[in-house]
Amino acid sequence: MPQFCIIAHDRAEPGGAERRQAARRAHFDRMKPYVERGSVLFAGSMLAEDGSMAASILVLDMPDRAAVEAWLAEEPYVRNRVWDRVEVKPIFVAVDGRGITPSWLDLMRGVPAAH
């Protein structure tokens, strides 16, 4: 399946940190089954210089862009207006937590990448 990188920027307005905190449990509860089945390859927060959360970064393994958009439509941070601008880009994962990916090895052997 193709992988997608999501960079979801937090709203820069009063009450944003409180909205994030209020939606956090629902966000984590919703993420758990996606992590368990391997659809979420990476998730974390981008920090501002002062250490506060400024954005979320996720790498998803989903069938296509439409599946990512459907996933985002139900995301608690979207529904609760935590995230403002959400960027979705297809990516090629060369190294993951297990090491060099088979896709990268295929690419090095001259096998076209399947996206």
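Helical runs assigned H by DSSP (4 residues or longer) give the chain a calculated mean residue ellipticity at 222 nm of -10500 deg cm²/dmol, each run adding -39500 (n - 2.57) before division by the residue total.
Between the listed residues Ser52, Ile91, Ala22, the Cα displaced farthest toward the positive end of the dipole of the chain, a dipole computed from Cβ unit charges relative to the Cα centre, is found at Ala22. Here is the list for region 1-108: trypsin sites (Lys or Arg not before Pro) lying in DSSP coil, each with at most 10 other C-beta atoms within 10 angstrom of its C-beta, are Arg37, Arg98. Against the main long axis of the alpha-carbon atoms of the chain, helix 16-36 sits at an angle near 30°. Taking a ≥ b ≥ c as the square roots of the eigenvalues of the Cα gyration tensor, region 39-115 is classed as oblate, since a/c reaches at least 1.5 and a/b does not exceed b/c. In a simple Cβ point-charge model (Lys, Arg +1; Asp, Glu -1; nothing else charged), region 1-103 has a dipole of about 220 debye relative to its Cα centre. The loop-placed chymotrypsin sites (Phe, Trp or Tyr not before Pro) in region 34-115, going by DSSP, that have at most 14 neighbouring Cβ atoms within 10 Å of their Cβ come out as Phe92. Simple spin-label estimate for Ala66 and Glu49 gives 4.5 nm between the two label positions (7 Å along the Cα-to-Cβ direction from each Cα).
Based only on other Cβ atoms within 10 Å, what is the fewest-to-most ordering of Glu75, Glu13, Glu49? Don't skip to the answer; put the middle values down first.
On the way: Glu75 21, Glu13 9, Glu49 6.
Arranged by neighbour count, lowest to highest, Glu75, Glu13, Glu49 become Glu49, Glu13, Glu75.
Which FRET efficiency value, to the nearest 0.05, is calculated for Val111 and Cys5 with the Förster distance at 25 angstrom and r the Cβ-Cβ distance? Once rounded, the FRET efficiency stands at 0.65.
Where a number appears in this text, it was derived from the coordinates with a stated rule and is not lab data. Note that the coordinates shown come from a computational prediction; the quantities given were computed from them, not determined experimentally. Cβ atoms come from the backbone with ideal geometry, glycine included; neighbour counts cover every protein chain shown.
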